[in-house]
Amino acid sequence: MSVKIAFENTYARLPDRFHSRITPKPVKSPELIAFNEDLAAELGIAPAPETELAQVFSGNVTPGGAEPLAQAYAGHQFGGFSPQLGDGRANLLGEVSLNGKHRDIQLKGSGPTPYSRMGDGRAWLGPVLREYVISEAMYALGIPTSRALAAVTTGEPVYRENGALPGAILTRVADSHIRVGTFQFFLARRDMEGLRTLYAYTVKRHYPSAETPAEFLNAVVTRQASLIAHWMSVGFIHGVMNTDNTTISGETIDYGPCAFLDVYHPDTVFSSIDAHGRYAYSNQPNVIVWNMAQLATCLVPLMPDQDKAVEDFTKLIHTMPDLIQSEWLKLFGRKIGVADASEADEPLITNLLTAMAQNRADFTNAFRALLTNKCRDQFLNPKAFDEWEPGWRERLSSESDPEAVMINANPAFIPRNHRIEQMIQAAVAGDFDPFNRLLSVLADPFTDQPDANDLTAPPEPSEVVQQTFCGT
């Protein structure tokens, strides 16, 4: 076997109650769909024959040095607490150390685990390709994210509500898979020793300069505030911002019922399981504050004066909306060509967004069209833009190079929901060309690519994706 991975597995050294040792369940006849050679090179994984890559990244062959395990965690799901969740269909092969920084390599869809809760632990082709494309697109957009290393078909069907579907497995890479829900797992069990062990491990791995739980919490809050503002700036809706899907590292992870805005409206929801709009586009800043409050609750028992900790942590959490707003203002200021936006610029931005919502403007195309003087064409009533434009032009008169600012803040290409669905349908039929084309175009989202202009078009009425599903 020529696939060599220099594993260095610190999470596997943690006590047994942090995880369950389990080997991926072999599959019938794996075939490689995609292998991310650039990411592999970063991880020190040399090229290898496709047949060998398929064997390793299907879980049929465990590479030397791997210590496969499923992680234990808990979490709030749509506000309701589940004390026992864990990796029900994922298997952490191990970690690779790069310049002192560890990165997880995890199989997703590799078979049942002790946390599967009667599930089969498998994934079907559609969600695997969706996560591969969208996570790589987010990386190209400059947004912290887990990444896709490989995807394989299994040669076995997966049975879901709509019948038999082709099975597949994704290999993803993350700075870690430690979640808010990991901390909640130990707090729920009143396992203070486990909580202290997890805290010490997480600080060492992600925030080595944090000397106290308060400094650690502040560092996580800061990263999450920035992450959510970046989501908002590209019209991304995660769809399932449960605490078990909120990483301590500040990465986007678990691309289930996620989607990107086409027509802009702040209350947009795509997830089929989000009946009340808890994770709507505009509510994401509120949700992350709530999630960070749950992390703060987990850290209180680590403090010598818990009453004071509650007071101090509450104050810290209450600073988060301003942190998000500050980052949001900076990012959206750049989207309209203002390099260093101040609070005085906020009405200019919000007035544009209001006009976009009222006139069904496409989020991505409207902002990109600011570069070409064609933004008014994105509005049902172009006069709405005409009324906004003079104030914007006046504001830009004091900017040195607004066009350079805008072109690096407004992508031409995003993984549009209808294109993702079309790509999945084609792949199920055996055609992976749309998948490969999306990967190629989305790798360079800020550059005009005339041959790919069709991928910038909003969906026709018959193509609109109304709902997205977890579906793995």
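What follows is calculated from the coordinates using simple rules that are stated; it is not laboratory data. Model, not experiment: these values are computed from the prediction. Glycine gets a Cβ as well: all are built from the backbone with ideal geometry, and neighbour counts include every protein chain shown.
Computed quantities for the displayed model
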quantity: MRE, 222 nm, helices only [DSSP H, n ≥ 4, -39500 (n - 2.57), over the chain, to nearest 500]; calculated: -12000 deg cm²/dmol
quantity: Contact order normalised by residue count of segment 178-410, Cα under 8 Å, 6+ apart, percent; calculated: 20 percent
quantity: DSSP-loop trypsin sites (Lys or Arg not before Pro) across segment 361-470, with at most 16 other Cβ within 10 angstrom; calculated: K374
quantity: Relative contact order computed over segment 11-174 (Cα-Cα under 8 Å; 6+ residues apart), in percent; calculated: 25 percent
quantity: From the C-alpha gyration tensor of the chain, square roots of 5λ in Å; calculated: 36, 29, 20
quantity: Other-chain or far-sequence residues with amide H under 5 Å of G86's (modelled H); calculated: Y73
quantity: Net lengthening on full extension, E42/R117 (0.36 nm per residue, minus Cα-Cα); calculated: 23.5 nm
quantity: Scattering curve values for segment 11-174, log₁₀ I(q)/I(0), Debye with Cα scatterers, q = 0.12, 0.14, 0.15, 0.19 Å⁻¹; calculated: -0.53, -0.73, -0.84, -1.34
quantity: Burial ordering of S82, S272, S462, fewest other beta-carbon atoms within 10 Å first; calculated: S462, S272, S82
quantity: For the chain: relative contact order, % (alpha-carbon pairs under 8 angstrom, 6 or more apart); calculated: 15 percent
quantity: Fewest-first sequence of I45, I228 by Cβ atoms within 10 Å of each Cβ; calculated: I45, I228
quantity: For segment 426-470 and segment 175-226, distance of Cα centres in Å; calculated: 37 Å
quantity: Farthest toward positive dipole pole in segment 11-174 [+1 Lys/Arg, -1 Asp/Glu at C-beta], among Y115, L92, L125; calculated: Y115
quantity: Estimated inter-spin distance, D401 and L316, nm [label 7 Å along Cα→Cβ]; calculated: 3.9 nm
quantity: Residue pairs, from the table K330/K374; K4/K28; K335/K383; K204/K330; K315/K335, whose Cα atoms sit over 28 Å apart; calculated: K204/K330; K315/K335
quantity: Charge sum, other residues only, whose C-beta stays under 12 Å from P166's C-beta, Lys/Arg counted +1 and Asp/Glu -1; calculated: +1
quantity: Order of W392, W231 - criterion: other Cβ atoms within 10 Å of each residue's Cβ, fewest first; calculated: W392, W231
